[in-house]
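Structure record follows, encoded as structure tokens.
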Amino acid sequence: LAGWARDAGWTDAAVDDANLAMLAPDARRRFLIGLEVGRRPSELCQLRVDCLAYDQRVNQSTGATEAVPVLVYDMTKVNTWRCRLPIHAHTAQLIADQQAAVRARFPDTPPSELVLFPALQRHKNGRRPVAANTWASELRAWVDGLELFAHSDEGMEGAQAFAEKRPPDFTRFR
């Protein structure tokens with residue numbers, strides 16, 4: 001979602017358990033990881049299964065060395081490879097869950113060849129990632145099925161604004 005949509009609380013409505021349950025497990029994890037790390041959809045779709053790593057950092061308060069989870073990804077649009085983005089432990093757990101699911105689904109493929117989000121069709125070996133446009137279509141179908149704007153007294157003005165890619169007038173809802 002666009003930043004203004006997230007700021008307006010639409011993300012909170014979309015991410016409740018009932019709405020997330022409408023997504024398949026892989027799609028749910030892909031959505032949540034994408035929401036939490038803020039990378040381009042194409043970058044997320046291209047993640048390798050070994051994209052989770054840990055960096056050693058010194059805690060400024062205690063002076064102790066800690067392992068901090070990082071997302072290792074490529075920014076192909078700007079030709080930057082193996083970027084390391086610090087992430088929350090919750091995000092690291094989502095990635096670990098997805099890694100386990102992919103490894104279980106494709107036990108005969110070497111882990112170094114697996115992608116984190118394998119294609120939904122013709123994915124006999126887990127090497128081909130889901131396409132960003134496939135993910136976009138999947139999200140569009142999911143969002144279209146959600147009732148995120150039912151709280152408006154004037155009906156669906158928020159949904160219409162979203163469809164028109166403009167921020168709705170949220171001052172009316174206060």
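The values are calculated or read from the model by the stated rules, or taken from the named source; none is laboratory data. The structure displayed is predicted, hence computed values, not measured ones. Glycine gets a Cβ as well: all are built from the backbone with ideal geometry, and neighbour counts include every protein chain shown. Accessible surface is based on the protein model in full, side chains and every heavy atom, while ligands, DNA and RNA are left aside. Shrake-Rupley method; radii C 1.70, N 1.55, O 1.52, S 1.80 Å.
The amide H of Arg48, built 1.01 Å from its N in the peptide plane, has Leu116 as neighbours under 5 Å, considering only residues 5 or more places off or on other chains.
Surface exposure of region 18-147, expressed per residue as accessible area with a 1.4 Å probe, stands at 56 Å².
With viscosity 1.567 mPa s and temperature 4 °C, the Kirkwood radius over alpha carbon pairs of region 10-89 converts through Stokes-Einstein to a diffusion coefficient of 90 µm²/s. For region 48-137, the convex hull drawn through the C-alpha positions has a volume of 128 cubic angstrom per residue.
Estimate the FRET efficiency between Tyr54 and Glu113 by the formula 1/(1 + (r/R0)^6), using the beta-carbon distance for r and 25 Å for R0, to the nearest 0.05.
Values: r = 22 Å, r/R0 = 0.89.
The formula returns an efficiency of 0.65 here.
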